[in-house]
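What follows is calculated from the coordinates using simple rules that are stated; it is not laboratory data. Computed from a prediction, not measured in an experiment: that's the story for all the values here. Don't worry about glycine lacking a Cβ; one is built from the backbone with ideal geometry, like all the others, and counts go over all protein chains shown.
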Amino acid sequence: MSTPTITKTEARLIGHIIADQEANRADEAIDRRAPGTDEVVSQVLAGGSAEVAAAVRAARTAFDSGAWPKMSVAERALYLNRVADLIDANADQLARLDAEESGKPITTAEGDIGGAAGLWRYAAALALTMKGQTFTGNGPDYTGLVLREPVGVVGLIIPWNFPALILSQKLPFALAAGCTAVVKPSEFTSSSAHLLVKLIAQAGVPAGVVNLVVGDGRAGQALTESDDVDLVSFTGSTATGRRVLAAAAGNMKKLSLELGGKAANIVFADADLEDAAAGVVHGVTFNNGECCVSQPRLLVHASVADEFIQEVSRRMQRVRVGQPLDRETQLGALIHAPHLKRVKSFISGAQEYGGDVITGGQPLSDAALGKGQFMAPALIDRVAADAPIFQEEIFGPVLGVTRFTTASEAIGLANGVQYGLANTIWSKNTDTVLDVAKALKSGTVYVNTTIDAPPQMPFGGYKASGIGREMGEAGFEEFTELKSVSIRTGKRVNSFPQTDWEGVA
Ligand code: TXE
């Protein structure tokens, strides 16, 4: 990829796209300021219930009477692969839009876009495998068909931390299954979704199959409440996830919720400590720490704690904080000023609970960082398990350390939070790894690596981290319904088959 230049650009106007028609006028628009420079880079129309209703109507028509759900899976896969090729062809622009609007380092954004194209290709492959089952073991005249069908119109609500990537964790899987969609990106990062929806049209996907409504939570709420939407797939905060859950009750729509996390890195004394230290720093600084599988808790065995913390501190101080569009940057700008303030408040909060700040959190003196939302990554030792820094999702580069002496103590600490999205184990002992992996209450466990899983692995949470799975075969199946068709051949002679169990309620 070529190096994107850091230049001031005119603010982009980002509107809705409904049945391939772009709406670019509205009474209200939301200014998006780049987190790195505080300059307005885009203006996003504030969609509401009228725009959502129009988009849902378009998706409904495309599903009920359009070609998409009836198309052969081979044909759908062809379109999805075309979109992947167009993502590759437009990778520089997509990465730049995401880095500029989210504040993530450009190199991370480039990784996201490569990953996004891979997800479209993987979903295309899954489309080819779409199938149901048959059951013929209920008498010679019985045939049971289990049909797998697309769930219908889906609403996809996307957060700001991985705009193009999380969109691609949902949309191609929904399309592969034959669903039609209304996409609602975050008001902070709508530009890449806008470009992606245009690329989808360019790939030849029929009008109305994918629609875009931009705006804030009001648009998300309207989408969740719509009686014409059959499934909502939401990624965001646990607080908003609870609102989505309540709003979905109206028509009992299916839900997939990917919510917050509070992962722990558990470092045992027999780990490769150098590898683990590098992983721990990556785990809390990757994507500015604004990552649902970010690793803000370090649980370290007391026997190696002092030495290990010193190594982590040394590595954290070397992390290059800089402008998101600078290729040397490892830690960019946080999403917006209130978020930066909240993240920093965890540092002072930890001190009130007896925490000891080892490094970070201080103001940055680099003039190039000017008005942006930057902070040095922070390391805090002696974090108490009841402190907010241990319990709450921080979503920033702040790492709290707690020491343990036994594996069961480490498991108790790791599981002692409301979340259950991911955890990491660092140990070279197979018994330890397997025992701890089985005991952890989280949808993902990384072992001797972190934030590292291919799209074949289902992703989702235990407890307050969510409902359902994304990616993998399970992620594809979320966008389908099963229909059981029971068939008897031959003639019924005044009787119906008697079974010990009747599948009725
Ligand atoms: O999230 P919201 P925010 C966490 C993280 C972060 C915090 C707040 O801790 O600091 O959430 O971020 C749309 N009905 N995560 O406020 O509100 C909204 O417009 C339907 C974790 O940005 O959850 C956006 O498109 N939709 C996370 C999306 O929901 C609504 C990723 C997410 O916004 C809505 C992001 C409503 N009532 C933040 N209100 C992860 N799991 O990775 C807002 N939205």
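Under 16 Å from a point 7 Å along the Cα-to-Cβ line of Gln391: which residues of region 351-382 have their amide N that close? Output list for this probe position: 351-355.
Ordered by packing density, taken as the mean number of other Cβ atoms within 10 Å over each peptide's residues, highest first, how do 158-171, 126-139, 180-193 rank? Kindly include the intermediate steps, with their values, before the conclusion.
Numbers: 158-171: 26.0, 126-139: 13.9, 180-193: 27.9.
Listed from highest to lowest mean packing, they are 180-193, 158-171, 126-139.
For region 89-216, relative contact order (Cα pairs under 8 Å, six or more residues apart, normalised by length) works out to 24 percent. Restricting to lysine pairs 8 or more places apart or on different chains, what number in region 264-447 have Cα atoms under 25 Å apart? Lysine pairs meeting the criterion: 4. The stretch between Glu352 and Ala384 holds 10.5 nm of extra length on full extension. This uses 0.36 nm per residue minus the Cα-Cα distance.
Relative contact order, whole percent, for region 264-447 stands at 28, derived from Cα pairs under 8 Å and 6 or more residues apart.
At 222 nm, what helix-only mean residue ellipticity would the chain give, in deg cm²/dmol to the nearest 500, using -39500 (n - 2.57) for each DSSP H run of four or more?
Working: 15 runs with 185 residues, N = 505.
The helix-only estimate for the chain comes to -11500 deg cm²/dmol at 222 nm.
Here the gap between Val146 and Ala89, fully extended at 0.36 nm per residue and compared with their Cα-Cα distance, gives a gain of 16.5 nm. Summary of the geometry: region 232-288 and region 64-102, compared by the centres of their Cα atoms, lie 26 Å apart. Placing unit charges on the Cβ atoms only, positive for Lys and Arg and negative for Asp and Glu, gives region 264-447 a dipole magnitude near 540 debye about its Cα centre. In this label model, Glu328 and Glu22 are separated by 3.7 nm, measuring between points 7 Å along each Cα→Cβ vector. Contact order for region 255-344, expressed relative to its length and based on alpha carbon pairs under 8 Å spaced 6+ residues apart, stands at 28 percent.
Excluding residues fewer than 8 places away in the same chain, name every one of the lysines whose C-alpha is closer than 22 Å to that of Lys170. Those lysines meeting the cut-off are Lys70, Lys104, Lys131, Lys184, Lys198, Lys253, Lys254, Lys463. Amide H neighbours of Ser256 under 5 Å, at least 5 residues apart or on other chains, H built in the peptide plane: list them. Amide H to amide H, under 5 Å and 5 or more residues apart or across chains, Ser256 pairs with Val232, Ser233, Phe234.
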